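Report on the following structure.
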Amino acid sequence: MKLKEFIHQNKTAIQEEKMSSKADANFEQLLKDKLHQPKKQKVVFLKFIAVAASLGLLIATFVWFNNQPEINKKQQQLLSNLENESVGKRLEGVYTFNDEYAKEDDKIIETLLSILHKDENTNVKIATIDALLKFPKNESIRKSFIKALEKEDVPLVQIKLIKAVSFLRENRAQKSLEKIINSEQTFPIVKNNATLAMAEIKK
Amino acid sequence: MKYLQKITVILIAFAFLGLNAQEKKIKFYKGTLKICSSKNFQIEGYDGDEVIIKSLHEKKGENSVYVVNGFRNNGTYSYSNSSKNKLARVGKAQSISSSSSDSIVKGRLVFRSNNSERKKGLIKLGTKSNNSDLGIYFTIEQNGDELLFKDQSQVGFIMTSNESYLVKIPNTLKLNWKTNNCKDRDRSGEYRFFSSKNPSSLSNFDGETEISSSVNNIKLKDVTGPVVVNTIGGNVTVEFEKKYPKNLYSIYSNNGFIDMQIPNKSSLMVDVIGKSVYSDVDFKVLEEEEVNDVWQKTTKMKLKFGAGKTKMKLNAGFGEVFLRKK
Amino acid sequence: MNTNQLIKQCKQNNYKAQIEVYNAYKNMMLGAALRILKNREEAEDIVQDCFIKAFEKIHHLKEDANLGGWLKRIVINKSLDIARSKDNFIITDELEILENEPEDVEDEISISTTVIDIKNCIYKLKDKYSTVLSLYLIEDYNHREIGELLNIKESTVRNQFRRGKQQLLKLIKNKEL
C-alpha cells in the first residue's frame, strides 16, 4: 500500500511514545518549584535572600542612578507626545507606550487617565483604554473606567469602555451600565453591548 | 480678421464657462479644514493656497424639493413638496434614522415658507455665508485658523440626496471630517445624517487626516498619513496608486470592513484585529492570537512587511480585514 | 473532569488539574518533540518546560478551546526553535536550486514492513526531511501551515516533502531487501 495510507492506518502505533517514570517524578517536582511555592520554604530561604538582596540593592541603586537620565528621557519624550496638539503625535505616543514602554509609571498613567477623560479624538481614547488595560490590578484605572462610562457619549468609546469593564469583570460598573441601558440617548448598538456586558459580569 | 473674431468668441465662451463653473474659492492654506457634514464629498489634495468647492449636482430651486425617504417598511415614504405660492406649507413626515440595527421612529412636522419676494434686494446677514446660488447647501464659516463646513440644521430626517461636492484642499492643511453634525446628539436625542450610494472619498492628500463616520463608507486613495479614522458601521477602503503610506494609519471600526492595498515599496508594521484577516500579501506573521472580543472570537495579528517602519493599527471589530497586493 | 473544567481549574493554578493535564497529554507532546529533536532526554526536558510555560499562559485560553491542539503547537514551536539553532537544520528557499532531482522511487510499502521499520527510517532521515514529513504525515499540518512554522514558502515545503518522501521510500526499500 502507499506510504500515506500505511501511516494513516498505523497512526496510533507510529505516534506512540512514552514518557519515562523518572521524567514524571521530575515533573511533579518541577511543577511544585515553579508554580506552587509554599510559604514555609520562603521563610527558610529568607536569610540567604536577605544577604543577596542587600548586595543586589546596592548594585541596583548604582544602575538605577545611571539609567535615570535615560529612562527620564524616554518618559519625557512620551509625555510630550501625549500632550501634543496634533492628533497623529498623541496617537503615536499612546501606541509607543503600548508597544514599547508599558511600564506602570505613575506620571504616564496619570497623563493617560487625563486623556481618557478629556481628549477630543476617539481613536486616541480607544488606544488609551487599550494601554490602561495592561494594568488590570491598578485601582485608580478601574475607578476611572467606571467614571468614564458615566460621562462618555461617543458610541465607539462607550463600546470600548463597556468591553473593558467586562474584561476586568468589574462589578462596580453595573450601575453605570444600567444607566446606559436605560437612557434614551444611547445608540441601540451601545445598549446591546452594555446588556451583554452586564450578563458577562454577573456570571 | 475673422480668425481673430473667432478666437475672441472662444475666449469669451471659456471665460463665461469659467464663471458658470460654480466654484467657490476660499484663500485658506494654514490650519484645519473641519467638515461637519454627512453629505457626499470627493476631497482632493493639491499644492496651492485655496480651498476650492464645486458642487457636482444640479442646483435646487429655492424652496423646492426636499425628498424624504425612509429605509424601513411601515410608515415611511416619499414626501416631496415644491411650493410656489406664498402660503406656508405644512406637511407631516415620519423620519426613521437607521443603519443595520439602529432605528428610531419619530413623527415630525415640517414647515416650509416662501418669502422670496421679500428677500429681493436684501442680503442675509451673519458670518454664515449662504452659497446656495452656487449649489452649495452647507454653511461655510472661517474662524481664525479653522475653516468649517457644516450641514444646515434640519429637522430630523434622513435624506437620500444626490448632493455631491468636489473639494480641493491644499496639502498644507489638516483635515478633520466628521460625518455628523459635530455634536453627537442634540437635545431631543436624535441622530440625523444624509446618505448617498457612493462612498465619500479623500485622495492625493499629504496632510494630517481625521475622519469620523457612523455608517457612511469612506474611500482613501493616495493618502500618505497620518490618518486617524473611526467608524461604527461604515466600510473603509484604502488604495495606493502613486503614493505609499509614510505615516501612522489608525482605523477603528465596530463592524464595518477594512480593505487596504499594500504597495510593494511600503515598509509596514501592521497590528490588525478583525473577525478574520484575508490577504494575498507576503507578510511575516510575527504574532497570531485568537482573542475573545468579550463575547465573540476575533483574530489578532502582528504582521511585518519589508523593514516594518510605518505603523498601521487596523481594528475592524467584528468586521473583516482585507489586505491586498497592489 | 472534562477538558473545560480542567482548563478552568488550571487557570486557578490548581495542582491536581495541572497533573491531570500533564498525564493526559505528555505522551503526545513527547512524540511531537521527539520527531523533531530525535533525542529522548532533550525531548523530555522540552516537554516539561512547555507544560510549565503553558500553565503560565493558560489564562489566555478560552474554556472551550482545543487544549491538545494548543499544547501541541507550543511544543512544536519550541522544538523547532531548538532544532534551528543546530547546524544540520537549515531549510531555506534558495536550496531549491542546488539540490538534484532524485529518481522516482515507487510508493509501495510491502506487507512485511513493520511500524517500527517506518519509525526508524523516518528518524534516520536528515532533520529537514524528517521534520517536514512528520509534521505533514503524523502531526497533520498542511503545507501552508508548515511553511509558516518553518518560515519558508509553501512551494519549498512541497519540494522538501517530495524529496523527503523519496528518501524515506528508498530507506524502507533497502530495509526490505
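A few points about this structure:
- Qualifying residue in segment B:267-274 (condition: assigned to a loop (DSSP other than H, G, I, E, B), more than 9 Å from every other protein chain (Cβ to nearest Cβ) and surrounded by fewer than 21 Cβ atoms within 10 Å (Cβ to Cβ)): yes
- Qualifying residue in segment A:125-146 (condition: of a type outside the set (D, E, K, R), more than 14 Å from every other protein chain (Cβ to nearest Cβ) and over 30 Å from A:A173 (Cα atoms)): no
- Filtering segment C:145-163 to residues that are more than 11 Å from every other protein chain (Cβ to nearest Cβ) and small (G, A, S) leaves only C:S155.
- Qualifying residue in segment B:278-290 (condition: aromatic (F, W, Y), in contact with a Ser or Thr (Cβ under 9 Å, 6 or more places away or on another chain) and more than 22 Å from A:L168 (Cα to Cα)): no
- The residues of segment C:45-80 that are among the acidic types (D, E) and either within 21 Å of B:E287 (Cα to Cα) or part of a helix (DSSP H, G or I) (or both), listed by number, are C:D45, C:D49, C:E56.
- Among the residues examined, A:L58 does not qualify as touching a helix residue (DSSP H, G or I) at 6+ places or on another chain (Cβ under 7 Å), away from chain B (no Cβ under 14 Å) and in a helix (DSSP H, G or I).
- Single residue of A:E178, A:E200, A:E150 found to be buried (at least 16 other Cβ atoms within 10 Å of the Cβ), in contact (Cβ under 8 Å) with a residue 12 or more places away in the chain and more than 24 Å from A:K107 (Cα to Cα): A:E200
- Selection over segment A:166-175 of residues that are more than 9 Å from chain B (Cβ to nearest Cβ) and either surrounded by 18 or more Cβ atoms within 10 Å (Cβ to Cβ) or closer than 15 Å to B:D293 by Cα (or both) gives a count of 4.
- Condition met for B:I140 (at pLDDT 65 or above, more than 23 Å from B:N230 (Cα to Cα), of a type in the set (A, V, I, L, M, F, W, C) and outside any loop (DSSP other than H, G, I, E, B)): yes
- Within segment B:211-234, the set of residues being polar (S, T, N, Q), more than 11 Å from chain A (Cβ to nearest Cβ) and in contact with a strand residue (DSSP E or B) (Cβ under 9 Å, 6 or more places away or on another chain) comprises B:N216, B:N217.
- Subset of segment C:25-44 (residues that are of a type outside the set (A, V, I, L, M, F, W, C), part of a helix (DSSP H, G or I) and surrounded by 17 or more Cβ atoms within 10 Å (Cβ to Cβ)): C:Y25, C:K26, C:G31, C:R35, C:E44
- Taken together, the criteria exclude A:A131 from residues that are in the same structural domain as A:K202 (by TED's automatic domain parsing), buried (at least 20 other Cβ atoms within 10 Å of the Cβ) and at pLDDT 90 or above.
- Residues of segment C:32-58 that are under 19 Å from the mean Cα position of the chain (by Cα), touching a residue at least 40 places away in the same chain (Cβ under 8 Å) and within 11 Å of another protein chain (Cβ to nearest Cβ): C:A32, C:A33, C:R35.
- Enumerated helices (runs of 4 or more DSSP H) restricted to segment A:129-203, each holding at least 2 residues that are within 14 Å of the chain's Cα centre (by Cα) and of a type in the set (D, E): none
- Filtered residues of segment B:162-176 (kept if of a type in the set (A, V, I, L, M), within 14 Å of chain A (Cβ to nearest Cβ) and over 11 Å from B:Y29 (Cβ atoms)): B:L175
- Scanning segment B:282-297 for residues that are away from chain A (no Cβ under 11 Å) and in a strand (DSSP E or B) yields B:K284, B:V285, B:L286, B:E287, B:E288, B:E289, B:E290, B:K297.
The values are calculated or read from the model by the stated rules, or taken from the named source; none is laboratory data. Quantities reported herein were computed from a predicted structural model and do not represent experimental measurements. Cβ sites come from the backbone with ideal geometry, for glycine too, and all protein chains shown count toward neighbours.
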